[in-house]
Amino acid sequence: MNRTRLLTTMAVFVAIGTIGAQLLWFPAGIARAYPVQHAVNVMAAVMLGPGPAVIIAFMIGLLRNLLGLGTLLAFPGGMIGAYLAGYLYKKFGKKLWAVIGEAFGTGVIGSFFAVPFAQILMGSSVGAFAFLPGFLVSSITGAFIGWFVVLRVKTENLVRI
C-alpha cells in the first residue's frame, strides 16, 4: 500500500469530519449530536482499518477542540467507536458489524468513559447514564449514514491495509 495514498485518504476523512461536524448537528440530551464524526468512523473503519480510523477520530477531535468547534467529549467516544468499528469489520468482514461497533463503542462504552473524562478534565459531575442517550442518538444516526455511504462506494480497489 502506498503510504502517501493512505495519508492523503486519512487527511480527507479528517477534513470531512471536522467541517461536516459544523454543517450537520442537532441537540441530543445534555450534549450535541455530531453524526458526521460517526459516519466518518464507519467509512474509515471499513476502508482503512481500525488503526487509521482511531487516528482519524483523534485528529478530528483535536482539530475541533483547537478551533473551538467541539468539546473534549469528542475523544473518548469517537476513538473507542472507531476502533470497535474497525475491529469488528476486520473480524467478521461485514459492513454491518462496523455500524454495530461504532454504535456500541461510542454510544455505550464511550458514554461511560465520558463520565470520568468530564469530571477530571471539564469539572462536570454527572451520573453514569447522563451521556448515554445523546451518545447513542448521535452514534446510531451517524453509523447508519456511514453504512449508507460504504454500501454505495466501491472500496475493493480504494485503500486497504
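Worth pointing out:
- Residues located in the range 77-100, provided they are of a type in the set (Val, Ile, Thr) and surrounded by 24 or more Cβ atoms within 10 Å (Cβ to Cβ): 80, 99
- Screening residue 35 against (1) touching a strand residue (DSSP E or B) at 6+ places or on another chain (Cβ under 9 Å); (2) free of Cβ contacts under 8 Å to residues at least 24 places away in the same chain leaves a single unmet condition, (2).
- For residue 74: the one exception among (1) surrounded by 24 or more Cβ atoms within 10 Å (Cβ to Cβ); (2) modelled with pLDDT of 95 or more; (3) of a type in the set (A, V, I, L, M, F, W, C): (2)
- Restricting 21, 28, 44 to residues that are closer than 20 Å to residue 103 by Cβ and surrounded by fewer than 22 Cβ atoms within 10 Å (Cβ to Cβ) narrows the list to 28.
- Residue, farthest from residue 134 (Cα to Cα), within the range 27-64, restricted to residues that are in a loop (DSSP other than H, G, I, E, B) and of a type outside the set (Ser, Thr, Tyr): 49
So that you can scan it fast, the table gives a plain yes or no per residue for (1) more than 24 Å from residue 26 (Cβ to Cβ); (2) of a type in the set (A, V, I, L, M, F, W, C):
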{"site": "70", "(1), (2)": "no, no"}
{"site": "85", "(1), (2)": "no, yes"}
{"site": "89", "(1), (2)": "yes, no"}
{"site": "102", "(1), (2)": "no, no"}
{"site": "105", "(1), (2)": "no, no"}
{"site": "114", "(1), (2)": "no, yes"}
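- Restricting attention to the range 58-88, the residues being over 10 Å from residue 105 (Cβ atoms), touching a residue at least 40 places away in the same chain (Cβ under 8 Å) and among the small types (Gly, Ala, Ser) number 2.
- Residues of the range 65-85 satisfying the condition of being assigned to a loop (DSSP other than H, G, I, E, B) and aromatic (Phe, Trp, Tyr): none
- Scan of the range 138-161 for residues that are at pLDDT below 90 and over 19 Å from residue 47 (Cα atoms), ordered by number: 138
- Checking the range 91-100 against the condition returns no match, with no residue being in contact with a strand residue (DSSP E or B) (Cβ under 9 Å, 6 or more places away or on another chain) and of a type in the set (D, E, K, R).
Yes/no matrix, rows are residues, columns are (1) among the small types (Gly, Ala, Ser); (2) under 19 Å from residue 144 (Cα atoms); (3) at pLDDT below 95; (4) outside any strand (DSSP E or B):
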position	(1), (2), (3), (4)
1	no, no, yes, yes
11	yes, no, no, yes
98	yes, yes, no, yes
108	no, yes, yes, yes
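- Selection status of residue 103, buried (at least 24 other Cβ atoms within 10 Å of the Cβ), within 16 Å of residue 47 (Cβ to Cβ) and at pLDDT 95 or above: no
- For residue 130, the test of being buried (at least 23 other Cβ atoms within 10 Å of the Cβ) and at pLDDT below 90 is failed.
- Checking the range 46-55 against the condition returns a match, with at least one residue being small (Gly, Ala, Ser) and in contact (Cβ under 8 Å) with a residue 60 or more places away in the chain.
The values are calculated or read from the model by the stated rules, or taken from the named source; none is laboratory data. Just so we're clear, the structure is a prediction, and the values are computed from it rather than from any experiment. Ideal geometry is used to build each Cβ from the backbone, glycine not excepted, and the neighbour counts take in all protein chains shown.
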